[in-house]
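Notes to accompany the following structure.
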Amino acid sequence: MPDPIQVIDNLAGRVTNRLLTRFPGPMVEVRTDTPIVSFTFDDVPDTALSKGAGILEAHGGRGTFYIAAGMLGREEEARNLIDAAGCAELVARGHEIGCHTHSHINLRHASRRQLYNDLSHNADALAAISPNLQPRNFAFPYNSGSFRQRAELARRYRSSRGGLPGINRGMTDRSFLRSYALQQPDESVVGMRGLIDEVVSNPGWLIFFGHDLSPNPTPYGCTPESFEGLVRHARERGCALLTVNQALDHFEATT
Ligand SMILES: [Zn+2]
């Protein structure tokens with residue numbers, strides 16, 4: 001039997017996310033002749049580095065990896081998370097490190113001060129790995145948006161990524177970017193080639209987010225083969241495979 005408090009909280013989260021789309025925050029104009037696809041990873045499992053980074057590179061792209069530094073090096077039952085050396089390696093290979101809070105808190109449950117301290121903690125932890133490691137973009141843990149925290153996020157980051165589906169086009173809320181989950185079942189990941197075809201026929205900014213890449217993925221991950229198929233399809237259809245920060249640079253240069 002589901003926990004009724006959890007059920008109500010999940011509902012409140014969904015309502016908040018919908019309201020955020022009705023009352024958007026700071027905008028970026030997504031205008032592009034080239035279809036842009038960003039592959040992002042949250043948390044980040046070590047297989048996103050050992051498999052995902054190389055697949056992106058083989059197709060001329062780079063990814064954005066949203067790190068919760070409090071989880072670095074953590075060993076879980078179904079996945080291990082990358083450590084400080086993994087973050088440094090991603091940066092050295094040209095990928096982007098984003099912020100995913102330090103403790104993976106749900107922003108709706110945190111006070112402003114808690115979030116301020118948590119984000120500062122994450123920034124300090126990442127800067128200790130490398131002074132060049134200064135995240136410019138953010139992803140909401142649990143894809144859970146928050147009105148209360150929006151100003152602090154806008155002050156610190158160029159963008160914040162949520163998890164509501166949709167291709168970003170035209171005037172776009174940069175504080176709640178839309179994205180699609182690369183998760184189980186694997187057939188849904190294969191089916192997302194259709195989204196790539198859509199962004200090719202009407203150029204915009206398509207963002208994916210995933211977690212682990214494993215032959216036996218968690219419910220929140222997918223297989224390396226499905227991921228590679230999607231990246232290959234995007235490349236073959238002429239999409240630019242950009243990090244979130246590179247995509248924002250592109251839109252700001254063209255508007
Ligand atoms: Zn997460």
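The values are calculated or read from the model by the stated rules, or taken from the named source; none is laboratory data. None of the values given here were measured: they were computed from a predicted structure. Every residue, glycine as well, gets a Cβ built from its backbone with ideal geometry; the counts of neighbours run over all protein chains shown.
Tell me the residue from 147, 138 that is over 18 Å from residue 70 (Cα atoms), among the aromatic types (Phe, Trp, Tyr) and either modelled with pLDDT under 95 or under 16 Å from the mean Cα position of the chain (by Cα) (or both), please.
Criteria check complete, one pass: 147.
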Would you point out the residue of the range 21-67, among those that are in contact with a Cys (Cβ under 8 Å, 6 or more places away or on another chain) and of a type in the set (A, V, I, L, M, F, W, C), that is surrounded by the most Cβ atoms within 10 Å (Cβ to Cβ)? 67
Filter the range 104-121 down to the residues that are within 20 Å of residue 74 (Cβ to Cβ) and under 16 Å from the mean Cα position of the chain (by Cα), then identify the one that is nearest to the ligand (Cβ to nearest atom). 104
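Looking at 90, 20, can you tell me which residue is in contact (Cβ under 8 Å) with a residue 60 or more places away in the chain and in contact with a Phe, Trp or Tyr (Cβ under 7 Å, 6 or more places away or on another chain)?
Working: 90 fails: in contact (Cβ under 8 Å) with a residue 60 or more places away in the chain.
20 is the lone residue from the list that is in contact (Cβ under 8 Å) with a residue 60 or more places away in the chain and in contact with a Phe, Trp or Tyr (Cβ under 7 Å, 6 or more places away or on another chain).
Quick one: is residue 216 closer than 27 Å to residue 27 by Cβ and among the polar types (S, T, N, Q)? Can you show your working first?
Numbers: closer than 27 Å to residue 27 by Cβ: no; among the polar types (S, T, N, Q): yes.
No.
In the list 12, 48, which residue meets the criterion of being in a helix (DSSP H, G or I), closer than 19 Å to residue 143 by Cβ and modelled with pLDDT of 90 or more?
Working: 12 fails: modelled with pLDDT of 90 or more.
That would be 48, the only listed residue that is in a helix (DSSP H, G or I), closer than 19 Å to residue 143 by Cβ and modelled with pLDDT of 90 or more.
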Residue 29 vs. criteria at pLDDT 95 or above and of a type in the set (D, E, K, R): yes
